[in-house]
Amino acid sequence: MRARETAAAMGLAARVDERLRECDFGRWTGLRFQQLLFKEPRKLVSWMRDPSSAPHGGESIPQVLARVAAWIDDRGRDPGHTVAVTHASVIRAAIVHVIQAQLSSFWRIDVVPLSQTDLRTNGRRWVLRAMGPIVASKGPGSAASVW
């Protein structure tokens, strides 16, 4: 819902792509970080130290990374530009995939709300071009993939 509303506010014609959905946080869904720190501090810390675990009963970070990587790899075959309006976990996974970083880097990427991350490909390899504040652009044929 958040991503669809953001795309609409940007004037983008959006379609949902399941691979860009937020991480499934299992029983932690809807809880704030401070609540988790109080409710399950050991499990939260262990998850952040070992992103391959899923103490919340939902998705592990490697699972998120795999579906996001598949989406990115598909985009490498598309002509033109794609705007994806999505969630911080998806953007972190995209960056980790593109720069071929270690899984532990996932938690070291700070993605702020309403920011943009510019990933580029020449058809053979991807690069992280920039991260920063969002730049509004409404043009003919603008489209977005969202969850």
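Among the residues making up the range 108-122, those that are surrounded by 14 or more Cβ atoms within 10 Å (Cβ to Cβ) and under 26 Å from residue 50 (Cα atoms) are 109, 111, 117.
Sort through 40, 22, 5, 59 and tell me the only one that's at pLDDT 90 or above, of a type in the set (D, E, K, R) and either loosely packed, with under 12 Cβ neighbours inside 10 Å or under 28 Å from residue 133 (Cβ atoms) (or both).
Working: 40 fails: either loosely packed, with under 12 Cβ neighbours inside 10 Å or under 28 Å from residue 133 (Cβ atoms) (or both); 5 fails: at pLDDT 90 or above; 59 fails: either loosely packed, with under 12 Cβ neighbours inside 10 Å or under 28 Å from residue 133 (Cβ atoms) (or both).
From the options 40, 22, 5, 59, the qualifying one is 22.
Residue selection: residue 111 fails the criterion of being closer than 17 Å to residue 19 by Cα and in contact with a helix residue (DSSP H, G or I) (Cβ under 9 Å, 6 or more places away or on another chain). Only one entry of 19, 42, 27 meets the criterion of being assigned to a helix (DSSP H, G or I) and free of Cβ contacts under 8 Å to residues at least 24 places away in the same chain, and that entry is 42.
Checked against (1) closer than 19 Å to residue 49 by Cα; (2) among the basic types (Lys, Arg); (3) in contact (Cβ under 8 Å) with a residue 24 or more places away in the chain, residue 92 meets all criteria but (3). Residues in the range 78-96: is at least one surrounded by 13 or more Cβ atoms within 10 Å (Cβ to Cβ), assigned to a helix (DSSP H, G or I) and polar (S, T, N, Q)? Scanning the range 78-96 turns up at least one residue that is surrounded by 13 or more Cβ atoms within 10 Å (Cβ to Cβ), assigned to a helix (DSSP H, G or I) and polar (S, T, N, Q).
The values are calculated or read from the model by the stated rules, or taken from the named source; none is laboratory data. No experiment lies behind these values; they were computed from the predicted model shown. Heads up, the Cβs are rebuilt from the backbone with ideal geometry, glycines too, and the neighbour counts pull from every protein chain shown.
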